[in-house]
Amino acid sequence: MAEAQVQIDVNAQDNASRELDRLSGKTRRFGSQMRDTARRATQAATRIATGVGAIGTALGTVAGRQFVDFQSAMKEVQAISGATDEQFDKLKETAKELGSETRFSATEAASGMKFLSRAGFEVQESIDALPSVLQAATATSTQLGQAADITTNIMSAFGKEASDTGEVADQLVKATNSANTSLSELGRATSEVGAIAQSAGMTLSETTAIIGKMSDAGIKGEKAGTALKGAIARLQDPSKDAKEALDELGLSVEDIQEGDGSLKTMNEILKLLEENEATAAETTKIFGQEAGPKLQAVLQQGTDGLEDLREEIKDSEGAASDAADTMREGFQGAVKELQGVLQTFAVTAFEETLADKLTPVVEESTKKIKNFKDAISSTEEEAKSLPPAMDRTADSIKKAGNQSKNTGESFSFLNDFLGLSDQNLKTLKQTWKFFVPVLKLARDV
């Protein structure tokens, strides 16, 4: 029995020794990795700092910032349009050319291209259409990207092709500058009514003329568009009240329709109501509670004025170019144009002098940072494995100590010799565990 107990004690001590050997190995490996990581960190930090310093100095300049913004905008255009490298170079040159000749910078020109591409314009279509959009933006004091977005949305609603961009730009500028509205408000109104107006056979000039007259009465943006949409819907499917109101005026549904059953133009219908002296109550019964009062506001201004505005908008070729030329005149126009030219010059100068030289520096710095993060990750994994190893070692030592007491042989010297008392083990474990989140943080930086 005593011999068996001694054998158990020896086995326990052997187990403890093996666990200590494993822990020592892990500790040495971790220490070695920490030294290697520190060495690599120092080297990487030096190289990264040198590279980042050069990058920061260059990109911290006005030219650097302008170049980064332009490149980012153009890459977005390429991603949306699917342009080949050759097409991308052509788009870039177009943006820089327009930026050097107008009040808008190359980056703003790129923003316009982005919206044209989103609207489904092919690369060459965007290049051909952008000057017209730029003129519309200049003529209406609208941001180029916003002008492109509004123009393409309206074109989509009225089924226009990319080749119609110049005509649409002219009509929008004429409508905006001939009424108490802005291109932005006109865009919001048309976004509400464009689809149903087009389906009802209304033209862009007719639609924008009515919106313009509503705007003159203080009914703008979505309110104008929603009112006109409701009016068209009521005419397409007249209610009982609408039919009664028409009858009171000596009219019928047939009077507001063509022979094929489609609606007459809204101008013609409003002219009929005006000639038959429709009251506000009758107009409301025909067009509804929401749209009636707003169409009455148009009637009060006279349908002759509405028809004149429609004709002006329809026959507005060159309106965008003429208005843009006027906006460029004078000191303020010259200053704005100079700003666009200078911003574009900064982009071109940076691209031709520093961009190619900085690219290798950026790539090398990125590579060093990735290598450093890999080293941190490896060290972190090693650190995570140490606390469980300590637990196993501590358990083995305690078992060996407890069993040795049964034979009168004290195993406490092992704890004392190694410094692995409960408190020491606890402290050591806490120290190792501290490294895990620290290394994780360093890795994620």
What do you reckon, is Thr283 surrounded by fewer than 18 Cβ atoms within 10 Å (Cβ to Cβ) and β-branched (Val, Ile, Thr)? no
Filter result (open to solvent by less than 30 Å² (accessible area, probe 1.4 Å) and not in a helix (DSSP H, G or I)) within the stretch 286-330: Gly288, Ala291, Gly302, Ser316, Gly318
Looking at the stretch 128-143 only, could you name the residues that are open to solvent by less than 20 Å² (accessible area, probe 1.4 Å) and either of a type in the set (A, V, I, L, M) or closer than 19 Å to Met74 by Cβ (or both)? Ala129, Leu130, Val133, Leu134, Ala136, Ala137, Ala139
Take the residues in the stretch 270-280 that are in a helix (DSSP H, G or I) and not acidic (Asp, Glu); name whichever of them is surrounded by the fewest Cβ atoms within 10 Å (Cβ to Cβ). Ala280
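Condition check ((1) among the β-branched types (Val, Ile, Thr); (2) surrounded by 20 or more Cβ atoms within 10 Å (Cβ to Cβ); (3) part of a helix (DSSP H, G or I)) across all residues:
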| position | (1), (2), (3) |
| --- | --- |
| Gln146 | no, no, yes |
| Thr152 | yes, yes, yes |
| Met155 | no, yes, yes |
| Lys160 | no, no, no |
| Ser163 | no, no, yes |
| Val168 | yes, yes, yes |
| Gln171 | no, yes, yes |
| Ala179 | no, yes, no |
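The values are calculated or read from the model by the stated rules, or taken from the named source; none is laboratory data. On a predicted model such as this, the values are computed, not experimentally measured, just so you know. Cβ sites come from the backbone with ideal geometry, for glycine too, and all protein chains shown count toward neighbours. Surface areas here come from the heavy atoms of the whole protein model, side chains and all, with no ligands, DNA or RNA. Shrake-Rupley method; radii C 1.70, N 1.55, O 1.52, S 1.80 Å.
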